[in-house]
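Here's the structure, in C-alpha cells; my notes come after.
The values are calculated or read from the model by the stated rules, or taken from the named source; none is laboratory data. Being a predicted model, the structure only gives us computed values, none of them experimental. Here Cβ is always computed from backbone atoms with ideal geometry, including for glycine, and neighbour counts include all displayed protein chains. Remember, those area values only see protein heavy atoms, side chains included, never the ligands or the DNA or RNA. Shrake-Rupley method; radii C 1.70, N 1.55, O 1.52, S 1.80 Å.
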Amino acid sequence: MSTINTQSTTSNTSQTSSGDQSIIHSAGEVFIESPRGLSARNVSCWFGEKKVLEGVNLVMRPLEVTALIGPSGCGKSTFLRTLNRMHELVPGASLAGEIQLNGDDIYRGAMPLTEVRRHIGMVFQKPNPFPAMTIAENVLSGLRLSGLKVDRHERDDILETSLKRAGLWKEVKDRLGEPGRALSGGQQQRLCIARSLAVKPQVLLMDEPCSALDPSSTRRIEETVQELSDTITIVIVTHNMQQAQRVSKFCAFFLAEENQPGRIVEADLTAKIFTTPRDERTNAYVSGHFG
Amino acid sequence: MIPTQEQTESVVPEERIEIAVRRDVPDRIYRGVATAAGFTTLALMALIGGFLLFRGASALRKAGFSFLTTEMWAPDQGGDFGIGAVLPYTIQISLVALFIAVPISIATALFITQYAPTRIRRPLTSLVDLLAAIPSLIYGLWGLFYLQPRLITVGKWMGDNLGWIPLFKASGPAPHSIGQFAASTFVAGVVVSLMVIPLCTSVMREVFAQAPMGEQEAALALGGTKWGVIRDVVLPFGRGGIIGGAMLGLGRALGETIAVTLIISPMFVRQFSIMEQGSNSIAALIALKFSESNANGISALMAAGLALFLLTLLVNAIASVIVGKGRSGAQTEI
Amino acid sequence: MSEIVEERIKPRRFNPDEVATVALSFATALASTWLLLYVLLPFDGALGFWLITYIVFIAVVLINSRRRFGKIASQDLVAKVVVWSSALLVLVPLVLVVFYVIGKGYHALRPRFFTEDQRYVGALSDATEGGGAHAIIGTLQQVGLAAMISIPLGVLSAVYLNEVKGRFAGLLRTLTDAMSAVPSIVAGLFIYASWILALGQQQSGFAGALALSVLFLPTVTRTAEVVLRLVPGGLREASLALGGTDWRTTSTVVLPTSRSGLATAVILGIARVIGETAPLILTVGGAFVVNTNPFGGKQDALPFFVFRLVRFPQEAQIQRAWTGALVLLILVLVLFVTARMLGGRGPDHISKFKRKRLQKKGLA
C-alpha cells in the first residue's frame with residue numbers, strides 16, 4: 001500500500017488511471033497509510049445515541065483538492081467537522097475511529113485542540129467575518145486568537161500575502177481599515193479564506209463555501225481554491241456537482257440510506273466518479289436522478 | 001421591443017383599489033378597548049409626574065434651586081430642606097452595587113450561555129429568576145442581621161489599612177471600633193447589588209445568547225480558545241447589552257427602598273467615605289420620614305419623589321437607547 | 001465493519017491537567033492567605049479571609065498555568081475559573097437567604113399565626129403569642145385586587161401592542177419599559193398624592209392595591225407581550241384565512257395558544273408584587289387587627305407587618321417579624337414553583353376542567 005502513496009505524490013492525469021485502481025479496494029473503504037496529508041480510518045459519528053456516520057475511511061491527499069459530495073443529510077458536513085474537531089462542539093456529540101494529520105492522531109495525540117484547529121483551518125457556508133473588526137484585523141484575528149506573536153514587519157507581510165492568496169488584495173488594499181461587513185458577500189467569503197490562511201494551516205476545510213453566493217462570486221472562489229491547492233491541502237463539501245468537477249481531483253460520494261447512518265459509497269478520482277462510477281447509486285446521483 | 005411594450009402599458013392610468021376594511025361591531029369594540037388599555041400606560045405616567053409636581057410644587061417654590069444643594073431636612077418646622085446630601089448618597093449606594101453586580105453578572109451570563117452544560121442552562125436561568133423574585137424586604141433583613149456583622153470586618157480592615165484613600169476613610173485614629181462601620185453606604189450597596197445581579201444577568205444573558213454561532217465557530221476554527229471566542233466575538237457583540245443591563249441595574253438600584261431603609265442610619269450631611277457609618281437615599285428618606293411629616297414635610301417628600309422619578313426615567317431612557325442600538329441578532333442569520 | 005466494537009471518543013469538559021493545576025493553586029492560596037492574615041497581618045472575619053484567598057487563588061492559577069500551558073491556554077483557564085466561581089457565588093446568597101430566614105423564623109411559627117391577629121399582643125408578650133392573620137388577609141386582598149385590575153388591563157395592553165399594532169404601539173412600548181422602572185416608593189407616593197390627598201380617600205387596602213397595580217401593570221404588559229410574540233404568525237393568518245375577524249383570531253387562537261405562557265407570566269408577576277413593601281407604607285396605614293374590608297379602614301400587609309416589627313427593640317417583636325418573613329418567603333417560593341410548573345405545559349395540554357366541558361358537549 002505504501003507504494004501507492006509514493007505514486008500519488010507524483011500523480012498527474014496520465015498516471016492516475018493506474019493509480020486509482022489500487023487506491024480503492026472496495027466501495028466505501030479507501031485507506032492508505034499516509035504519513036502526510038489527512039486521513040480518516042473507520043470514523044463513525046453520533047449525536048447523542050443517533051449514529052449519523054459509519055465506518056468512513058478516506059485519505060485526503062496532500063496538496064490536492066478532495067470534494068465530498070452527496071445528498072443532504074448524508075453526513076458529509078458532519079464528517080468535515082470531525083476533521084478539525086468542530087464536531088464535538090455540538091452537545092452530546094461523540095465519534096469513534098481515527099483521524100490523522102501527517103501520521104499523528106488529532107484526537108488522541110499530544111497536539112492540543114487549539115493547535116489542531118490552527119493547522120486545519122475551516123471556511124464556512126455563510127461568510128462570517130467578525131463584525132467588530134476591520135478588514136485587516138479580521139485577517140490577523142487568527143494570530144491574536146491563537147496567541148502567535150509576530151513583529152510589525154512580519155504582520156504586514158502576513159496580511160498582504162494572505163489577502164493576495166485569497167485573491168482579495170487588489171480590491172481591499174486601500175480600505176483595510178473598513179469593517180469586514182462593508183464588503184460584498186463574495187468578498188467577505190474571500191476575506192474569511194484570507195483569515196484562515198493567515199495562521200498558515202496545512203489543510204483547509206471548506207463547508208459549501210459558495211452556497212450563499214452568486215454565480216460570479218462562486219467562480220472567483222473556485223479559482224482561488226485551485227490556486228491554493230498548490231500550497232495547501234483542501235477538502236471541500238459541495239452540493240454543486242459541476243463545482244466538484246471543476247475544482248477537485250478526488251471525490252468521495254456519501255450516502256445515507258433510509259434510517260441508516262451515512263457511509264461512503266464510492267471514493268475515487270473525480271474524473272472517474274463522474275464518468276464511470278462503479279456503484280449504481282453513485283451513477284444515479286451524479287446523473288441527477290436524486291439528491 | 002420589450003421596453004416599448006412596458007412604456008405603452010404604463011401610460012394607462014392605474015386604478016388602485018382603496019383597501020377598505022369594514023369591521024363588525026365586536027371587532028370594533030375589541031380594538032377600542034385594547035387601544036384604551038394600551039393608553040393607560042401613557043395616562044399613568046403623565047399622572048405620576050403631574051401629581052408629584054403638583055403636590056411638591058409648594059416645597060419646590062419655597063426651596064428653589066437650593067433643594068438640590070441643601071444638606072439638611074427640616075421642612076416640618078419650616079426649616080431648610082434639600083437633597084444635597086441624600087442624592088449623592090443615593091448615587092454612591094447605586095455605584096457600589098453596580099461595581100459588585102456588573103462583573104458578577106457578566107460572568108454569570110457568560111457561564112449560562114457559554115460554559116454551563118446545556119441541560120443545566122434552563123434550571124440555572126430559573127434560579128437567577130428566583131433570586132429576582134425574593135422580596136427586597138427579605139434581602140434587607142438578611143443584610144441587616146447576617147451580612148452586616150460580617151461586612152463591617154471588611155470595612156474596618158479597609159478603614160484601618162486603606163484609610164488614606166478618601167473613599168475608605170474612617171474618622172478618628174486607627175484602630176477604629178467596629179461599630180463605626182455599620183449602617184454604611186458600603187453595606188447598603190452590597191445588599192442592593194444582590195437585587196441588581198438578577199436583572200443585569202438576565203439582560204446580558206439574552207444578548208450573549210444571540211451572539212452569532214457562525215462567528216463563534218470561525219474563531220474556534222482559527223485555533224481560538226473559548227476565552228478567545230468570548231473576547232473577540234461574544235463580548236464585542238454583547239457590548240450594548242452589557243452597558244444597557246448595567247444602566248437598567250442602576251435604575252433599579254436608585255429606586256431600591258426597603259433594603260436600604262433597613263440598613264442605613266440616615267444622614268443629611270455629605271461624607272465621601274463609603275465605609276463610615278451613615279448614609280441615605282431618596283427612597284429611604286421618603287419611607288422613613290413619611291409617617292412623621294406634616295403637610296409641609298409631605299410636600300417636600302413629594303418633591304424628592306419627583307426628583308427620584310425623573311432620575312430613574314432618565315437612566316432608563318439612556319439604557320433603552322443603548323440596548324436598542326446594539327447590533328440586533330436579527331441581522332445575522334447564521 | 002460495524003460488528004467491531006467501536007471505541008467512542010467523547011469530548012471532555014475538564015482536562016485533568018487543568019483540574020490538578022486549579023486544585024493545587026487553591027491549596028496554595030488557602031495556605032498563604034492563612035499565613036498572611038493570622039501570622040503576619042492580623043485580621044478577623046471569615047468573609048475577608050475568603051475574599052483575599054480568592055484573589056490570591058486567581059493570581060496563583062495565572063502564574064502556575066502560564067508556566068505549564070503557555071499564555072493563551074492560561075488565559076483560557078483563568079477565564080474559566082473566574083466564570084465558574086462567579087456563577088457559584090451568585091447562588092450562595094440564594095441558599096444563605098433561604099436557610100437563614102427558615103432558621104430565624106421557624107421557632108415561633110405556630111398554626112395560630114394564620115388564625116390570630118395582634119389584638120392581645122404587647123411588645124413584651126411572648127413571640128409565639130398572637131399571629132399575622134390580619135396581615136395575611138390584607139396582603140391576599142390587596143394583591144388579589146391589584147391582580148384583578150392589572151391582569152386584564154396588562155393583557156389588553158399587550159394585545160394592543162402586539163395584535164392590534166396601533167399607530168402608537170412603539171411609543172407605548174417604550175413607555176411601558178419606562179414605567180416598569182418606576183421606583184416602588186414613587187408608586188406609593190403617587191397613590192398617596194392622588195387617591196388620598198386629591199380625592200380625599202382614606203388609607204385602605206384598596207389604596208394599597210392601586211399602588212401595587214402601578215407596579216404590576218407594566219410587568220404583566222411586558223411579559224404578556226413577549227408571550228404573545230411567540231405565537232407563530234402563521235396561526236393568525238390561518239385564522240384570518242378561515243374568515244375570522246381580528247377579535248375572533250385573538251380570542252380563539254392567539255390567547256388560548258399562549259395560555260400557559262400567560263399564566264406563568266402572571267404568577268411570576270404576583271410573586272414579585274406580593275413582597276413589595278414600600279408602596280404599602282404610604283397607602284394601607286397598617287393595623288393590628290383583622291379588617292376584612294379592603295375598601296374601608298386601615299389594613300395591614302404581611303411585608304409591612306415585618307417591616308414595622310423588625311425595627312422594634314424587643315426581641316419578641318423581631319422574632320414575630322422573622323416569622324412573618326418566613327411566611328412571606330414560603331408564599332413567594334410556592335408561587336414561583338407553580339409558575340415554573342405551568343410554564344412546562346405546552347399549548348396542547350388539555351386540563352381536566354376542559355375535558356369535562358368537552359365531554360358534556362359530546363366532543364371527547
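Worth pointing out:
- Using Cβ point charges alone (K and R +1, D and E -1), the dipole size of chain C about the Cα centre works out to roughly 1040 debye.
- Cut-off under 5 Å, modelled amide H: who pairs with A:Phe254 long-range: A:Ile69, A:Gly70, A:Val265
- Each Lys and Arg Cβ is given +1 and each Asp and Glu Cβ -1; about its Cα centre, segment C:16-97 then shows a dipole of about 260 debye.
- Fluctuation leader among C:Gly122, C:Gly138, C:Gly105 - chain C, Gaussian network, Cα springs under 10 angstrom: C:Gly122
- Cβ-based charge dipole, segment B:80-221, positive-most Cα from B:Ser177, B:Val196, B:Ala209: B:Ser177
- Surface share of carbon and sulfur [accessible, 1.4 angstrom probe, percent] for segment A:168-291: 47 percent
- Taking amide H positions as modeled 1.01 Å from N, with prolines and chain starts lacking one, the residues under 5 Å from A:Val123 and 5 or more places away or on another chain are A:Leu205, A:Met206, A:Asp207.
- Relative contact order of segment A:48-127, defined on C-alpha pairs under 8 angstrom at six or more residues apart (%): 25 percent
- Gap separating the Cα centres of segment B:240-286 and segment A:74-109, nearest whole Å: 53 Å
- When chain B is treated as a GNM with alpha-carbon contacts under 10 Å, the residue of B:Val260, B:Val187, B:Val96 showing the greatest mean-square fluctuation is B:Val96.
- In this structure, the amide hydrogen of A:Arg175, modeled 1.01 Å from its nitrogen in the peptide plane, lies closer than 5 angstrom to no residue at least 5 positions away or on a different chain.
- Between 0 and 90 degrees, the angle of helix A:152-165 with respect to the longest Cα principal axis of chain A falls at about 50 degrees.
- Carbon plus sulfur fraction of accessible area for segment C:133-346, probe 1.4 Å, in percent: 65 percent
- Average Cα contact separation per residue, chain A, under 8 Å, 6 or more apart, as relative contact order %: 25 percent
- Helix A:185-197 and the longest principal axis of the Cα set of chain A meet at an angle near 90°.
- For the residues B:Ser281, B:Ser136, B:Ser171, a GNM of chain B with alpha-carbon springs under 10 Å puts the largest fluctuation on B:Ser171.
- Taking the longest Cα principal axis of chain B as reference, the axis of helix B:295-325 is set at about 40 degrees.
- Segment C:133-346, dipole about Cα centre (Lys/Arg Cβ +1, Asp/Glu Cβ -1), debye to the nearest 20: 220 debye
- Relative contact order %, chain B, counting alpha carbon pairs below 8 Å whose residues are six or more apart: 26 percent
- Rounded to the nearest whole Hz, the Karplus-based 3J(HN,Hα) values (6.51 cos²θ - 1.76 cosθ + 1.60, θ = phi - 60°) of segment C:283-288 follow the sequence 10, 8, x, x, 7, 10, with x at glycine and proline.
- Under the span-like rule (Cα at least 20 Å along the axis, Kyte-Doolittle mean at least -0.5), DSSP H helices of chain C: C:16-34, C:46-69, C:71-105, C:133-159, C:205-229, C:259-273, C:315-343
- For the pair B and A, total buried accessible area rounded to nearest 100 Å², probe 1.4 Å: 1900 Å²
- Sites matching chymotrypsin sites (Phe, Trp or Tyr not before Pro) across segment A:240-291 that sit in DSSP coil, with at most 10 neighbouring C-beta atoms within 10 Å: A:Phe290
- Ligands, DNA and RNA are left out, and with a 1.4 angstrom probe the accessible area of chain C is 48 Å² per residue.
- Solvent-accessible area lost in complex, 10 Å² minimum, residues of segment A:144-193 relative to chain alone, 1.4 Å: A:Arg144, A:Leu145, A:Ser146, A:Gly147, A:Lys149, A:Arg181
- Phi-based couplings in Hz for segment C:244-251 (Karplus 6.51, -1.76, 1.60; Gly and Pro marked x): x, 7, 4, 4, 5, 4, 5, 7
- Centre separation in Å (Cα based) which lies between segment B:89-117 and segment C:235-257: 42 Å
- Buried accessible area, chains C and B (both chains, 1.4 Å probe, Å² to nearest 100): 7400 Å²
- Note on segment B:173-235 and segment B:37-82: Cα centroid distance 36 Å, given to the nearest whole angstrom.
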